[in-house]
């Protein structure tokens, strides 16, 4: 099993970052090598310029999924295999009118994505591998300000606010055929 440590390096307030990674599956030997005076640092440069923002979403071994604004001011989801770092594939293309604000890997191989569309948020369940739309989640006009779940979780918590409600936490069960969105806390 390979585990990775990601290092983000930002510059100013612009939505851009460099991205390095380190395979920490053999951490003790990496640290010992790093302590010697002339050894290079254990990080590998994946993105070594400040031309776009890259946010980690998920990985399967060496295949990583990122949310990025590279050639996509409204953001998109991309995938790269660390074994072939020059080959990037779009999973979810940039929308023509909506801004992809966040994505969260859940329920094994699914994503909850949040779009800003006409000053309101839209929530969708998508396939992590293909980006294909599985379900549109019914949510009132307002702002989604948090999605909380781990990749293995079948239940997702969504923080929401609007002019009529100072704060609601929804619980979304993804185990059922059609995701069930219920008020968890008001």
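For this structure, a couple of remarks:
- Theoretical FRET efficiency, 1/(1+(r/R0)^6), r = Cβ-Cβ of residue 99 and residue 164, R0 25 Å, to 0.05: 0.60
- Centre-to-centre, using Cα atoms only, region 105-158 and region 42-72 are separated by 20 Å.
- MRE, 222 nm, helices only [DSSP H, n ≥ 4, -39500 (n - 2.57), over the chain, to nearest 500]: -1500 deg cm²/dmol
- When each of the peptides 62-74, 174-186 is scored by how many other beta carbons lie within 10 Å of its residues on average, the order from highest to lowest is 62-74, 174-186.
- Shape call, region 99-186: gyration tensor on alpha carbons, a/c limit 1.5: oblate
- When peptides 5-13, 53-61 are sorted by average Cβ neighbour count within 10 Å, with the highest value leading, the order is 53-61, 5-13.
Readers should treat all values here as calculations from the given coordinates under stated rules, not as data from a laboratory. Given the structure is predicted, the values throughout are model-derived calculations rather than measurements. Quick reminder, even Gly has a Cβ in these numbers, built from the backbone with ideal geometry, and neighbours come from all protein chains shown.
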